[in-house]
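Read the figures in this text as sums done on the coordinates, not as results from a lab. Because the structure is a prediction, the values reported are computed rather than measured. Virtual Cβ from ideal backbone geometry, glycine too; neighbours counted across all protein chains shown.
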Amino acid sequence: MKYHLHENGWTIMADDFDFRSATQDDVNQMARLLATNTCVVIRNQHLSVEEELRAISMFKNPEPWCAPDEPDYINYVIPESNGLICRVTGELNEHGEPGIAGHVDEMTWHCNQPWNKDRRPLVWLRGVRGTKGSRTSWNNNILSYNDLDDVTKDKIKDLQFTSKKGMENWGGITTGIEVDDYTPNLVQTNIAGKKGLFLPFLQIERFKGMTKEESQKIIQPLAEHTIKEEYCYHHDWEDGDIVIAEQILGIHKRWRFEAIEKRLLHRSVFDFPDQDYI
C-alpha cells in the first residue's frame with residue numbers, strides 16, 4: 001500500500017489503492033497506520049455491496065447495526081449486507097424512512113457509542129452518491145494530548161467519565177441518559193502504544209467523583225484545545241471516497257448539508273485485525 005501524508009502532516013492519504021484487489025497484508029498495513037495516525041482516506045472506491053463486505057471482513061469482528069428482528073433493521077441496514085452496513089442518509093427507503101443521521105443540521109463532534117465498553121474502535125464511511133458539497137471533519141487526540149503541558153497531563157491522568165447515551169440535539173446541545181456502569185479513562189493508550197485523549201466532549205456527562213459543573217471546567221478547555229485546526233482533518237466528499245477512523249483517540253463531526261436527502265454514505269464498524277502493532 002502506497003500513501004502520502006495530507007498537508008496537515010498526519011492524515012494518511014492512500015495512493016492508487018483498490019479495495020477490490022486488496023490483500024490481507026494491505027489491510028494490516030492500513031490498520032497499523034490507523035493506530036498511529038487515527039485516520040486513513042481512500043478515494044475512487046466504487047464498490048458493490050459484495051466487494052464492500054469483502055473489504056470489511058479483512059478487519060476484525062465487524063458489528064451488525066442491530067438484530068434482524070429489530071424494527072430499525074429494515075430502516076437502516078443495507079439489504080444483502082447481513083446487517084454490517086447501514087445507511088447514512090436523509091433519503092427515504094421503500095418504507096418511507098430515512099437512514100441514520102438523516103437531518104440537514106450539523107452532527108457535531110462525537111464518536112461511536114462511548115458508553116459501550118464493547119464498542120468497535122474503527123468506523124468506516126463510504127460515499128456512495130450525492131456526497132459532493134458535504135464535509136466531515138476528524139481530529140487527532142494523540143497529537144492534541146502530546147501538546148498539552150505537563151501540569152495539565154498530571155491533572156487529568158487518572159480521570160474517568162460517565163457518558164450520555166443518546167444525543168437528541170446534534171447542533172451543540174446534547175441530552176441523554178447517564179451511563180455510569182462503564183467509566184472509561186480520559187487518557188488512554190491504544191493498541192500501538194500511542195497515548196492520547198478519549199474525549200467525546202459533548203457526550204461526557206461528568207468525571208467520576210465530580211459534579212457536572214466541576215467537570216465542565218476541565219472539559220471545556222480540553223475541547224477547545226483538541227479541535228484546533230492543526231489537529232483536524234476536513235474531508236470534502238466525492239462519491240467513491242472511503243474514510244476509516246479510529247474512534248478512541250479521535251472524534252468527528254458532520255457539517256450542515258442542505259441536500260442530505262440525496263446523499264448516501266455506507267457505515268460499518270469493526271476492530272483492528274490481529275497482528276503486532278508495536
Can you name every residue in region 103-126 that is in a loop (DSSP other than H, G, I, E, B), buried (at least 19 other Cβ atoms within 10 Å of the Cβ) and out of contact with any Pro (no Cβ under 6 Å at 6 or more places or on another chain)?
-> Asn112, Trp115, Arg120, Pro121
Note on Asn61: of the conditions (1) touching a residue at least 40 places away in the same chain (Cβ under 8 Å); (2) on the phi > 0 side of the Ramachandran plot; (3) over 20 Å from the mean Cα position of the chain (by Cα), unmet is (3)
Check Leu148, Leu143 and return the single one that is touching an Asp or Glu at 6+ places or on another chain (Cβ under 9 Å), in contact (Cβ under 8 Å) with a residue 60 or more places away in the chain and hydrophobic (A, V, I, L, M, F, W, C).
-> Leu143
Could you count how many residues in region 210-226 are crowded, with 18+ Cβ neighbours inside 10 Å and either over 18 Å from Asp150 (Cα atoms) or without any contact (Cβ under 8 Å) to a residue 12 or more places away in the chain (or both)?
-> 1
